[in-house]
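Working notes for the structure below.
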Amino acid sequence: MKYEPKNFEKKWQQKWEKDNVFKTDENSAKNKCYILDMFPYPSGAGLHVGHFKGYVATDILSRLRRMQGYNVLHPMGWDAFGLPAENYAIKTGTHPEIITKENIQNIKRQMKDAGLSFDWSREIDTTDPDYFKWTQWIFLKMFEKGLAYESEMPINWCPSCKTGLANEEVVNGECERCSTPVEQKNIRQWVLKITEYADRLLDDLEGLDWPSKVKEMQKNWIGKSEGAEITFKVDGKDVKVFTTRPDTLFGCTYIVLAPENKLVLEFKDEILNWEEVSDYLNKTKLKTERERISEVKDKTGVELKGIKAINPINGKEIPVFVADYVLAHYGTGAVMAVPAHDERDFEFAKKFNLEIIEVISGGDISNEAYTGEGVLINSNDFNGLDSSMAKTKIVEFLEEKGFAKKEINYKLRDWIFSRQRYWGEPIPLIHCSKCGIVPVPYSELPLKLPSVKSYEPTGTGESPLANIPEWVNVKCPVCNEDAKRETNTMPQWAGSCWYYLRFIDPKNEIEIINKKDEEHFMPVDLYVGGAEHAVLHLLYARFWHKFLYDINVVSEKEPFKKLRNVGLILAEDGQKMSKSKGNTVSSEDVINEYGVDTLRVYEMFMGPFFDAIAWNTQGVKGVYRFLNRLWDFCYKCKDNNFESSKDILREENILIKKVSEYLEEMKFNTSVSAFMEFLNFAEKKDNETSRKTIENILKIFYPFAPHMAEELWSILGNQNYIHEEKWPEYNEELTKRDVMELVVQINGKVRDKIEVSSNLSKDELEKIALSSEKVIKWIEGKEIRKIIFIPPKLISIVI
Ligand SMILES: [Zn+2]
Ligand SMILES: [Zn+2]
């Protein structure tokens, strides 16, 4: 009987589905294990082989944990709001819901074809009103607590998508979706106060088992820095700057305002060159943030002639500039410039011929700024102090005079939480001219999307929903007067902020999640997904989770205890796989030719799970050959109702030990190698390999190649599923593969030394000695008179 995966893979998938074998029981008394994949956006292109790597890995671990006796929760769902479906709707007039449903059906079929053991009874879709009812519920809770507020603010605006973008959606100054250069535009927005959680988001990273790179990225994104806010008097007005280097204050030779800083306009009457300044402000509006902060040497700016700032530390009058390398939304929108000790200020000062005063010794400032710390010079009474002491002393000195206060600054900005688009969760608020902003009553959730004829954004900054009077015009829930609905929708990140909770209790109509079930299954024990989500989804979800903790919905402060990033599968040419490059490999093709198990085992074998590795068709064939050999070997041994030989037992125990340990560290590739090593060793010893050994090998191979394992298990005559078996234990004693050097003497002279296993019998050792080529040379044609064994490792032959 040959290995013919086509003959049985579908059969097993159907059996599993019919018997609901992967359904999670929330009333189980077993210990829980929650293994989660980052749920996908159901794109029209479906999945290619690259998408399966993470899913196969979590599937293997889920199957392992089930055999180890855990109550495993391993769900799947769809992050389905977002621009691609909406852009498709604009192009074709098809409702986004229709195309989304089609895409979901397709991807779900692909996942089932790959034999992934999800509990499909818990499937969720973020665009389903029964789901987003609770997304809206969370938003209203945040609104109640003052964490959601309206703000007119400069936002990143994509002129092509005609919508605002979060900073995270701007890549290299371009729209992440369509690569159009992003502009700045003032627009009314809903904003979530994530900054209120900055310290907790930072501090709680400590206890997480996450890749250090991801933690580092979150730390940098939050960007906490301790320093001081220092006040410069400019024409009687206060200009506040934030600095982490108050020790360099004597070297401050000018200050710079961001073009958006409202103070610029306030000084209008005093500024002598207003026309030039106003020109500059207009030019800045055309630049993207990326252009403004990029490392280009050519920094631009204009001096505000007619006004001067006073350096509070020495009373010196210094010039004031407006320059676009300073951004309005970082710090105070104004900086003190210390050209001797800051690179950007140095470049700027060189260009505009401004004074450069060295105040920190330790570097050479003739060609570049010295940005390190050191001992103060040119700083009057503070000379001789080191930087850290000087920071304290200078701030204390100014604090007494009311010119400084200690301050902690964050790079993290509040989260712009609205989109001027159709295909998102409607923000459940109502604008009433009498009552102000009024929440939609909880009893009226979900607030569904109306059907529309056109999905085109208005481009005026309002969402297409604004064009539907039947939907927009409502009665105020408080005073019953005419009022209008909020027409912005939530950003695509909203639904993924809490989906992992809903999997636990997906059909609950009366509350977001049952408390008891939440306590049982949370936190997520293992979360696997791409490294690109280091700061977006993972930071937002942590923020929402902490909020839900504060309002007593969840019992843990952090949602994802352990996080691992899956490395990409690159195309055969080493490039990233993408539909547009035409270099994707279809999972259907691989499955049709080699079977699902080959796809699964190959993706795990191709290299370390966390690395990016190129697809290799030869490698796929190699794995397919291996599965064939393993199949044949198991088949040959199926009736071996004897005990395995010592060698086989030892290798069996070593293999169980290795695979059990490697899987804990997600070393899938070395696990597969261990199976290969075993087979290389055992293949010729089918007459020493018992059926019991084969059963154990199949049990530990089952998570990798579940179809093949179930099929062989039943061929061995078992009536149950192999996955109902316990994960095999190994015997540490039996794994010892001790070797010694057997010395062979002939007539008292050493003729050979052979490495042998130390647990061999006298007869076995004699056999080995007599079959050595070197020994044969000496004894050929001679009469052996005596063979003496001197334990433990000497064989003496007398001829
Ligand atoms: Zn765009
Ligand atoms: Zn009202």
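The values are calculated or read from the model by the stated rules, or taken from the named source; none is laboratory data. Please read all numbers here as calculations on a predicted model, not as lab measurements. Methodologically, a virtual Cβ is constructed for each residue, glycine included, from the backbone with ideal geometry; neighbour enumeration extends over all protein chains shown. Side chains are part of the model used for accessible areas, which takes the heavy atoms of the whole protein and leaves out ligands, DNA and RNA. Shrake-Rupley method; radii C 1.70, N 1.55, O 1.52, S 1.80 Å.
Observations, loosely collected:
- Whole-number percent relative contact order across the range 353-493, with pairs defined as alpha carbons under 8 Å at least 6 apart: 21 percent
- In Hz, Karplus ³J(HN,Hα) per residue of the range 641-646 (6.51, -1.76, 1.60; θ = phi - 60°; x = Gly, Pro): 8, 10, 7, 5, 5, 4
- For residue 184, the amide hydrogen comes within under 5 Å of the amide hydrogens of 157, counting only partners 5 or more places away or on other chains and with H modelled in the peptide plane.
- Across the range 398-492, the convex hull enclosing all Cα atoms gives 192 Å³ per residue.
- The range 664-717 shape via C-alpha gyration tensor axes, a/c threshold 1.5: oblate
- For the chain, calculated [θ]222 nm from helices alone, where every DSSP H run of n ≥ 4 adds -39500 (n - 2.57): -10500 deg cm²/dmol
- Using a probe radius of 1.4 angstrom, the carbon and sulfur fraction of the accessible surface of the chain is 47%.
- Tensor-based shape of the range 1-46 (alpha-carbon gyration tensor, a/c under 1.5 rounded, otherwise prolate or oblate): oblate
- Cα gyration tensor shape for the range 654-799, rounded if a/c is under 1.5, else prolate or oblate: prolate
- The GluC sites (Glu not before Pro) of the range 585-666 meeting both criteria, a DSSP state outside H, G, I, E and B (loop) and at most 11 other C-beta atoms within 10 angstrom of the site's C-beta, are 665.
- Taking the square roots of 5 times each eigenvalue of the Cα gyration tensor of the range 110-216, largest first, gives ellipsoid semi-axes of 29, 22, 20 Å.
- For the range 416-458, the alpha-carbon coordinates run over 31, 22, 21 Å along the three principal axes, in decreasing order.
- Applying 0.36 nm per residue to the separation of residue 734 and residue 291 and subtracting their alpha-carbon distance, the gain on full extension is 152.9 nm.
- Note on residue 18/residue 762: beta-carbon distance plugged into 1/(1 + (r/R0)^6) with R0 of 45 Å gives a FRET efficiency of 0.20.
- Accessible surface computed residue by residue for the range 220-355, with neighbouring protein chains in place and a 1.4 Å probe, gives 45 Å² per residue.
- The calculated P(r) of the range 460-554, using every Cα pair and 10 Å bins from 0, goes 12, 31, 26, 24, 7, 0 in percent.
- Contour minus Cα-Cα distance for residue 460 and residue 237 (0.36 nm per residue): 76.6 nm
- Looking at the range 243-351, the GluC sites (Glu not before Pro) that sit in a DSSP loop and have at most 16 other Cβ atoms within 10 Å of their own Cβ are 270, 295.
- Derived scalar couplings ³J(HN,Hα) [the range 370-386; Karplus, 6.51 cos²θ - 1.76 cosθ + 1.60; whole Hz; x for Gly, Pro]: 9, 9, x, 9, x, 9, 6, 10, 6, 10, 6, 5, 8, 3, x, 6, 7
- Treating each Cα of the range 364-417 as one equal point scatterer and applying the Debye formula with no solvent, the log10 of I(q)/I(0) at q = 0.16 Å⁻¹ comes out as -0.69.
- With 5 Å bins beginning at zero, the pair-distance distribution over Cα atoms of the range 337-427 amounts to 3, 12, 15, 14, 15, 13, 7, 4, 5, 6, 5, 3, 0 %.
- Averaging the Cα positions of each part gives two centres, and for the range 131-183 and the range 237-316 these lie 29 Å apart.
- Less than 5 angstrom separates the built amide H of residue 32 from those of 71, all sequence-distant by 5 or more or on a different chain.
- Volume of the convex hull of the range 1-157 (Cα atoms only), normalised per residue: 194 Å³.
- Positive-end extreme of charge dipole, the range 235-335 - chosen from 315, 242, 284 (charges on Cβ): 242
- The range 623-629 - phi-based ³J(HN,Hα) in whole Hz, Karplus 6.51/-1.76/1.60, Gly and Pro as x: 5, 4, 4, 4, 4, 4, 5
- Viscosity 1.567 mPa s, temperature 4 °C, Stokes-Einstein D of the range 123-177 from Kirkwood C-alpha radius, µm²/s: 94 µm²/s
- For the range 564-692, the spread of Cα coordinates along the three principal axes comes to 57, 30, 16 Å, biggest extent given first.
- Interatomic Cα distance distribution for the range 153-235, bins of 5 angstrom, percent: 3, 12, 16, 13, 15, 17, 14, 8, 2, 1, 0
- Listed residue (660, 559, 458) projecting farthest to the positive dipole end of the chain, Cβ model: 660
- Per residue, the convex hull volume that the Cα atoms of the range 683-759 enclose (Å³): 132 Å³
- Under 5 Å, built H, 5+ apart or other chain: amide partners of residue 746: 751, 797
- Lys, Arg +1 and Asp, Glu -1 on Cβ, resulting dipole of the chain about Cα centre, debye, nearest 20: 1880 debye
- Equivalent-ellipsoid semi-axes for the chain (Cα gyration tensor, √(5λ), whole Å, largest first): 63, 38, 23.
- Kirkwood hydrodynamic radius of the range 591-639, Cα pairs, Å: 11.8 Å
- In this entry, the range 741-799 is assigned a mean projected area of 3.5 nm², taken as a quarter of its C-alpha convex hull surface.
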